[in-house]
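Trainee: Sending over a structure as structure tokens; questions will come in a sec.
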Amino acid sequence: MSGRLNGKVTLITGAGSGIGKAITHLFAAEGSSIGLMDIDQSGFNLLTEDIKKIGVEFITVEGDVSNIADCKNAVETCAKTFGKIDILVNSAGVTPRNAPKEWGFEKTWDWVVDVNLKGTVMMSKFASEIMKRNRLGSIVNLSSILGIVGYSEDISSDGFSPYTHSKGGVVQFTRDMAVQFAKDNIRVNALCPGFTYTPQTKRLTDDDEMKKKLESLHPMGRLGKPDEIAKAALFLASDESSFVTGACLPVDGGYTAK
Ligand code: NAP
């Protein structure tokens, strides 16, 4: 099999759903061995059947990225199995929209920031220790358009959304880590997708009126598809972006260009 990630080992969080799942498919098809991590392995069932058909090696690890021991375990298990980690994709993420109704502001804020920001930081911390040994690595973080701009007035937010706080943190973490780790030949970049059809946004896109509103906020007049985000992740993860680090790339149909 010849692919753009031949010989590479990728660890992907949130691999069982949405954007992480699309990235897993594409990276496997491009020849990478894959470590799949997710909080719930049930999302892996069909996915692992697909990966088996593609024929690359893979392992699955259940874990919560907001738990430091789980992050360490996922990185160590992947490194032990494959002998290295070349690429880390931090796709695990949550939105306050999907928090249990009975949670108040503080609990919801902690949850979202812990998963989206702390999880990204912890996974990167452990994976970069492995990458340093080989003086080679590429980390791709999933931020968001909402890590760059505030919520539009057309989408309800009270100005205190932990989603924007966490995704803005991911942007700045990406830049800081990129600067600090350039000397170790570890590149760190982020994707800032616009609204994309995944289980995370299903509640919004199932509502026709909201869907139209969201479409109108993107100059291209539509929402993104997970494989469109995956293709941008492939560019940032692969050697094709060898002189790109600290970049936060909008993949958003023009949302942040307005
Ligand atoms: P998704 O379909 O909900 O997938 C996220 C995956 O992460 C799910 O499998 C989820 O498991 C898992 N996960 C949640 N909490 C976790 C934890 N603590 N530890 C490990 N795994 C965990 O979401 P998506 O839309 O693909 O989003 C992927 C990333 O892109 C997220 O960081 C998201 O914020 C970002 N993003 C999404 C959009 C969009 O419009 N979809 C736009 C911009 C950025 P469960 O399903 O069991 O919770």
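Just so you know, all these numbers are worked out from the coordinates, no wet-lab data involved. Not measured: the values here are computed from a predicted model. Every residue, glycine among them, receives a Cβ derived from its backbone with ideal geometry; neighbour counts consider all protein chains shown.
Trainee: Compute the helix-to-body angle for 119-134: its Cα long axis versus the longest principal axis of the chain, expressed 0 to 90° and rounded to tens.
Mentor: 20
Trainee: Run the simple label-point estimate for Ser42 and Asp110 please: 7 Å along Cα→C-beta, distance reported in nm.
Mentor: Taking the simple label geometry, Ser42 and Asp110 are separated by 2.6 nm.
Trainee: For the chain, set up a Gaussian network in which alpha carbons nearer than 10 Å are linked by springs, and say which option among Met210, Met131, Met123 fluctuates the most.
Mentor: Of the options given, Met210 has the highest mean-square fluctuation.
Trainee: Name all residues of the stretch 190-205 having a backbone nitrogen under 17 Å from the label point set 7 Å from the Cα of Lys212 along its Cα→Cβ direction, giving them as ranges.
Mentor: The answer is 204-205, whose backbone nitrogens lie closer than 17 Å to the label point.
Trainee: While we're on this one: Which residue, chosen from Leu47, Ser66, Gly3, occupies the Cα position most advanced towards the positive end of the dipole of the stretch 1-98, where the dipole is computed from +1 (Lys, Arg) and -1 (Asp, Glu) charges on Cβ about the Cα centre?
Mentor: Comparing the listed Cα positions along the dipole, Gly3 ranks first.
Trainee: Right, next: Restricting things to alpha carbons, tell me how big the stretch 7-140 is in terms of Rg and Dmax, in Å.
Mentor: In Å, with Rg to one decimal and Dmax whole: 14.7, 47.
Trainee: Shifting gears a bit: Can you spot the aspartates and glutamates whose alpha carbon is less than 20 Å from Lys72's alpha carbon? Ignore those fewer than 8 places along the same chain.
Mentor: By straight Cα distance, Lys72 reaches Asp38, Asp40, Glu62, Asp64, Asp86, Asp114, Glu129.
Trainee: Still on this structure, please answer the following. List Tyr197, Tyr255, Tyr163, Tyr151 from most exposed to least, where exposure is judged by having the fewest other Cβ atoms within 10 Å. Don't skip to the end; give the middle numbers.
Mentor: Numbers: Tyr197 18, Tyr255 25, Tyr163 22, Tyr151 15.
Exposure proxy ranking, most exposed first: Tyr151, Tyr197, Tyr163, Tyr255.
Trainee: Moving to a separate point now. Between helix 44-54 and the chain, what is the angle of the helix's C-alpha long axis to the longest principal axis, kept within 0 to 90° and rounded to the nearest 10?
Mentor: On a 0 to 90 degree scale, this one is about 50.
Trainee: Can you give the helix-only mean residue ellipticity at 222 nm for the chain, where every DSSP H stretch with n ≥ 4 adds -39500 (n - 2.57) and the sum goes over all residues, rounded to the nearest 500 deg cm²/dmol? Let's see the in-between values first.
Mentor: On the way: 9 runs with 109 residues, N = 258.
When only DSSP H runs of four or more count, the value is -13000 deg cm²/dmol.
Trainee: Using 7 Å Cα-to-Cβ label points, what is the Ser2/Phe243 separation (nm, one decimal)?
Mentor: Rounded to a tenth, the inter-label distance reads 2.6 nm.
Trainee: Hey, another quick one. Normalise the Cα radius of gyration of the stretch 101-141 by 2.2 N^0.38 Å (N = residues in it) and let me know the number. Please report the intermediate quantities before stating the final value.
Mentor: Values: Rg = 14.7 Å, N = 41, 2.2 N^0.38 = 9.0 Å.
Rounded to two decimals, the normalised Rg is 1.63.
Trainee: Pairs Lys167/Lys212; Lys167/Lys225; Lys52/Lys231: which exceed 27 Å Cα-Cα?
Mentor: Numbers: Lys167/Lys212 24 Å; Lys167/Lys225 20 Å; Lys52/Lys231 21 Å.
None, as every Cα separation is 27 Å or less.
Trainee: Note down the magnitude of the dipole of the stretch 24-77 about its Cα centre, charges +1 on Lys and Arg C-beta and -1 on Asp and Glu C-beta and zero elsewhere, to the nearest 20 debye.
Mentor: On the way: 3 positive and 10 negative charges, 33 e Å.
It works out to roughly 160 debye.
Trainee: Treating only the Cβ of Lys, Arg, Asp and Glu as charged (+1, +1, -1, -1), what charge dipole size does the chain show about its Cα centre? Round to the nearest 20 debye.
Mentor: Details: 29 positive and 31 negative charges, 137 e Å.
Once rounded to the nearest 20, the dipole reads 660 debye.
Trainee: Rg to Rh for the chain: what is it, with Cα atoms only and Rh by Kirkwood? Numbers along the way, then the final one.
Mentor: Details: Rg = 17.3 Å, Rh = 18.2 Å.
Rg/Rh: 0.95.
Trainee: May I ask for the angle, rounded to the nearest 10°, between helix 18-29 and the longest principal axis of the chain, with both axes built from Cα atoms and the value confined to 0 to 90°?
Mentor: For 18-29 against the chain, the angle is about 30 degrees.
Trainee: If you don't mind, there's one more thing I want to ask. For the stretch 133-257, compute Rh as the Kirkwood radius over C-alpha pairs and then the Stokes-Einstein diffusion coefficient at 20 °C and 1.002 mPa s; write the answer in µm²/s, rounded to an integer. The partial results should precede the final answer.
Mentor: Numbers: Rh = 15.4 Å.
After rounding, the answer is 140 µm²/s.
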